[in-house]
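Reviewing the structure listed below.
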Amino acid sequence: MFRWTRRSAPAAAVTVGLAAVIALTFAACGGGSDPGPGAAPAGTAKATSGYKMTQATAFPASATLDRIRQRGELIVGTKFDQPLFGLQNPTTGKVEGFDTEIARLLSIRIFGSPDKVKFVETVSKNREPFIQQGKVDVVVATYTINDARKKLVDFAGPYYTAGQDIMVKTGDTTVHGVTDLNGKKVCTVEGSTSEKNLRAKAPGASVVLVDTYSSCAEQLLDGRVDAVTTDNVVLLGLVSQHKDALKLVGTAFTSEPYGIGLTKGDDGFRAFLNDTLDEAYQNGDWASAFHSTVGTVATTVPATPTIDRYVA
Ligand code: GLU
């Protein structure tokens, strides 16, 4: 199982190294201003207080929103084992990270409080079924928007753009880019874009598929696989917890725009989700959420993404 570890003070030097890696990534994505000092330890991100978001004064006609408001809570599928995005704190039971902060902003807009969210654990392969079966209202879970998924669900956003990268043991000197994965044992997660990209870009890799990236990290630490591949920021969270043993290779080779997944065809609800993101981009809440989570490791905040209000 995944080990939740609290990073200790001497890890500050590592933060600099990680920050350099992610700063490069953000620069490539058109990164923006520097968030400045005061970073908290990675993987221990706390919910940001003092958001400017307020409850909507008027709600659009939406049966989904009516149902959520009637119920009194928003049900959100998210990851429970991904530091920086969605990590369950074993002491408090609270799920912490950038994805969960996005969910809390939605909760403020709907209920006037960040705490009216019930988090349900989703892994990569059950995100579409959970939405289709109505087990969750939305999925906020490092969930890449793409055309194949849009046949099954809809997306608000994007609210962030990641890129696929590779994680190896610190002593590894053989992997510099995706083509070096040919002939290697590489762990990734079933139902992810990472799996598809790996098979397309390194067809000679021997692919080991599991349910979670934390279990890939375990396999890498144990020497059962040579590398792990998925989004840079997902890997960065894992590296931050095993800083002496694991490293990021640092060359992102895909673009992964993260969206909020919802029921296909629920256009009124999607517009409301997009409006909420837009508001958070404008009033600084998105940047605050980023600073308190991913920004604990990154030194550069990416530019706010442009929302894609596509017509299905
Ligand atoms: N963003 C990619 C995806 O949605 C990889 C990360 C994940 O599996 O959550 O498939």
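A short reminder: the numbers here are calculations on the coordinates, not readings from a lab. Computed from a prediction, not measured in an experiment: that's the story for all the values here. Ideal geometry is used to build each Cβ from the backbone, glycine not excepted, and the neighbour counts take in all protein chains shown.
For region 243-290, what D do you get in µm² per second when you plug the Kirkwood radius from alpha-carbon pairs into Stokes-Einstein at 10 °C and 1.306 mPa s?
Working: Rh = 14.0 Å.
For the chosen part, D equals 114 µm²/s.
This ranking places I108, I166 by how few other beta-carbon atoms lie within 10 Å of each, fewest first, which gives I108, I166. Full extension of the chain between K196 and R224 yields a length gain of 8.0 nm, computed as 0.36 nm times the residue separation minus the alpha carbon distance. Averaging Cα coordinates gives a centre for region 238-281 and one for region 101-132; these two points are 13 Å apart.
Sort D66, D285, D211, D172 so the one with the fewest other Cβ atoms within 10 Å of its own Cβ comes first.
Ordered from fewest to most neighbouring Cβ atoms within 10 Å, D66, D285, D211, D172 come out as D66, D211, D172, D285.
The ranking of E96, E195, E73 by Cβ neighbour count inside 10 Å, starting from the fewest, reads E73, E195, E96.
Under 5 Å from the amide H of Y143 lie the amide H atoms of G259, each residue being 5 or more positions distant or on a separate chain, with H modelled from the backbone and absent for Pro and chain starts.
Put simply, the amide H of T230, placed in the peptide plane, has neighbours under 5 Å in D165, M167, leaving out anything fewer than 5 places away on its chain. Can you tell me which lysines have their Cα less than 27 Å from the Cα of K116? Leave out same-chain residues fewer than eight positions away. Once the sequence-local lysines are set aside, what remains near K116 is K46, K52, K79, K94, K125, K135, K264. In this structure, the amide hydrogen of Q88, modeled 1.01 Å from its nitrogen in the peptide plane, lies closer than 5 angstrom to those of D81, Q82, E96, counting only residues at least 5 positions away or on a different chain. If you average the alpha carbon positions of region 137-173 and of region 288-312, how far apart do those two centres end up, in angstrom? Distance between centres, Cα-based: 13 Å.
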